[in-house]
Each structure stands twice: as structure tokens, then as C-alpha cells.
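Participant: Dropping the structure in here first, questions after.
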Amino acid sequence: MPFKQSLRIVATIFFIMVAIQFINTFSHGFVSQFGIYPRTLEGLIGIPLAPWIHHNWGHLASNAIPLCILSFLTLQSGLKKFALVFTFITLAAGSCVWLLGSSAHHAGASLMVFGLWGYLLGLAVFQRNMKNIAIAILVFFIYGGLAFSLLSYQPNISWSSHFFGTVAGLLSAYLFKKHK
């Protein structure tokens, strides 16, 4: 995918998240209720919405840059592949969080950060070519610390979003390895 087009898509993702955060700020957190709330009918709406919602500006800041970088790298496989992977991770990981997550509002792009991280690492395993291996090395060098957060629990952070995001990302690398 051309560099400028990839940048436009990444910028669009970023500005959508910022716009939603402005609405959440000015509505005193009203938007946060639309995250995933496990095992409730109301929580189902959060499956597609949760990656776009952040509880505060710090939460958004911690997710925005990694999401933009990993999205840009994933876009190098093409827009259709990116849309397929993004949608699969959102729905698969979000559904698992809804089924198995702790009773709290789960929201934030970390589900997608971990999902795209898993996808890009998985491509190096399932599509062994120099481009994917080079991207995986770069991704692991920059974001290898994400692996440690999968091994630890921190209060008020959705471990299940991180875990199921990673699993969905790896699974999407396997499922869509031959998708053109």
C-alpha cells in the first residue's frame, strides 16, 4: 500500500479515537459505558465499540501511538487484509472478553494493540518471508515488553483484552495467511 495512503488511514484512526475521547470528556464519561461489560446484554454493544473508547486521556495516550504504528505496519499487507484482520481481532477478542472477562467495563485500543502485535509476529511464523520476518523483528524490538504484561496482572487494566487480543491476532495470522 502506498505510504501516503497508509498514513491517511492511520491518521483517520487516530482522529476518530481523539474525537470519541473529546465526546467522552465533555459528557463526563458517558461514552465509557459502551465498553464491553461481560455477560450482559448491554455489554454486547461494546464488542465492536470498545477499541475506540478510552476512559481518560492518559488511557488514550498509552494506546494511540502503538496502535498507529502497528496499524501502519499491518497496512503494508494491503487495505483489504488490514480491514479483515482489524475486524476479526475486534470481534473475536471482544467476544472472548464478553464471555470470559472480569465484571467491569472493558474499553480501549489495547485489545487492538495486542491483536496487531500478535498478527505481525504470527505472520513471521506462518508466512516465512523476509518482509514479514523483518517486520516481526522490528515489532518485537519495539514492543517486546508487551509479552511481559501478558504474564502479570495489574488492577484496572483489562488483562483479558490483552490476552484475547494477542490470541486473536495470532489466529488471524494463521487463518488469513493465504488471503490475497
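Participant: Which residue is modelled with the lowest pLDDT, if the candidates are limited to the stretch 3-35 and must be open to solvent by less than 80 Å² (accessible area, probe 1.4 Å) and more than 19 Å from the chain's Cα centre (by Cα)?
Facilitator: Taking the candidates together, the pick is G29.
Participant: Identify, by number, the condition in (1) more than 12 Å from the chain's Cα centre (by Cα); (2) open to solvent by 10 Å² or more (accessible area, probe 1.4 Å); (3) over 22 Å from R8 (Cβ atoms); (4) in contact (Cβ under 8 Å) with a residue 40 or more places away in the chain that G101 doesn't meet.
Facilitator: Answer for G101: the failing condition is (2).
Participant: While we're on this one: Could you grab me the full set of residues in the stretch 1-35 that are of a type in the set (S, T, Y) and in a helix (DSSP H, G or I)?
Facilitator: Kept after step one, since they are of a type in the set (S, T, Y), are these residues of the stretch 1-35: 6, 12, 25, 27, 32.
Passing the criteria: S6, T12, T25, S32.
Participant: Which number in (1) open to solvent by less than 70 Å² (accessible area, probe 1.4 Å); (2) part of a helix (DSSP H, G or I); (3) more than 19 Å from I142 (Cβ to Cβ) marks the one condition that P38 misses?
Facilitator: Exception for P38: condition (2).
Participant: Within the stretch 116-130, which residues are in contact (Cβ under 8 Å) with a residue 24 or more places away in the chain and over 16 Å from V10 (Cβ atoms)? Before you say what the answer is, go through the steps one by one.
Facilitator: Kept after step one, since they are in contact (Cβ under 8 Å) with a residue 24 or more places away in the chain, are these residues of the stretch 116-130: 116-123, 125-127.
Scanning the stretch 116-130 gives G118, L121, G122, L123, V125, F126, Q127.
Participant: Take the residues in the stretch 77-94 that are in a helix (DSSP H, G or I) and among the polar types (S, T, N, Q), then tell me which one is most open to solvent (accessible area, probe 1.4 Å). Reasoning before the result, please.
Facilitator: Residues of the stretch 77-94 in a helix (DSSP H, G or I): 79-94.
Narrowing further to those that are among the polar types (S, T, N, Q): 87, 90.
Values: T87: 73, T90: 12 Å².
Applying the filter and picking the extreme gives T87.
Participant: Residues to consider are H59, H54; find the one that is over 21 Å from S6 (Cα atoms) and open to solvent by 20 Å² or more (accessible area, probe 1.4 Å). Full working, then the answer.
Facilitator: Working: H54 fails: open to solvent by 20 Å² or more (accessible area, probe 1.4 Å).
Testing whether each residue is over 21 Å from S6 (Cα atoms) and open to solvent by 20 Å² or more (accessible area, probe 1.4 Å) leaves just H59.
Participant: Give the residues of the stretch 151-180 that are among the basic types (K, R) and touching a residue at least 12 places away in the same chain (Cβ under 8 Å), sorted by residue number. Outline the logic, then answer.
Facilitator: Step one: of the stretch 151-180, the residues among the basic types (K, R) are 177-178, 180.
K177, the sole residue that qualifies.
Participant: Every residue in the stretch 123-149 that is within 15 Å of L75 (Cα to Cα) and either among the aromatic types (F, W, Y) or surrounded by 14 or more Cβ atoms within 10 Å (Cβ to Cβ) (or both), please.
Facilitator: L123, N132, I135, A136, V139
Participant: Could I ask something else about it? Residue by residue through the stretch 41-51, note down the ones that are open to solvent by 40 Å² or more (accessible area, probe 1.4 Å) and in contact with a helix residue (DSSP H, G or I) (Cβ under 7 Å, 6 or more places away or on another chain). Working first, answer last.
Facilitator: Step one: of the stretch 41-51, the residues open to solvent by 40 Å² or more (accessible area, probe 1.4 Å) are 41-42, 44-45, 48-49.
Within the stretch 41-51, L44, I45, P48, L49 meet the criteria.
The values are calculated or read from the model by the stated rules, or taken from the named source; none is laboratory data. Since the model is a prediction, treat every value here as computed from it, not as a measurement. Positions of Cβ are generated from backbone atoms using ideal geometry, with glycine treated the same way; all protein chains shown enter the neighbour counts. Just so you know, the surface numbers come from the protein's heavy atoms only, side chains and all, with ligands and any DNA or RNA stripped out. Shrake-Rupley method; radii C 1.70, N 1.55, O 1.52, S 1.80 Å.
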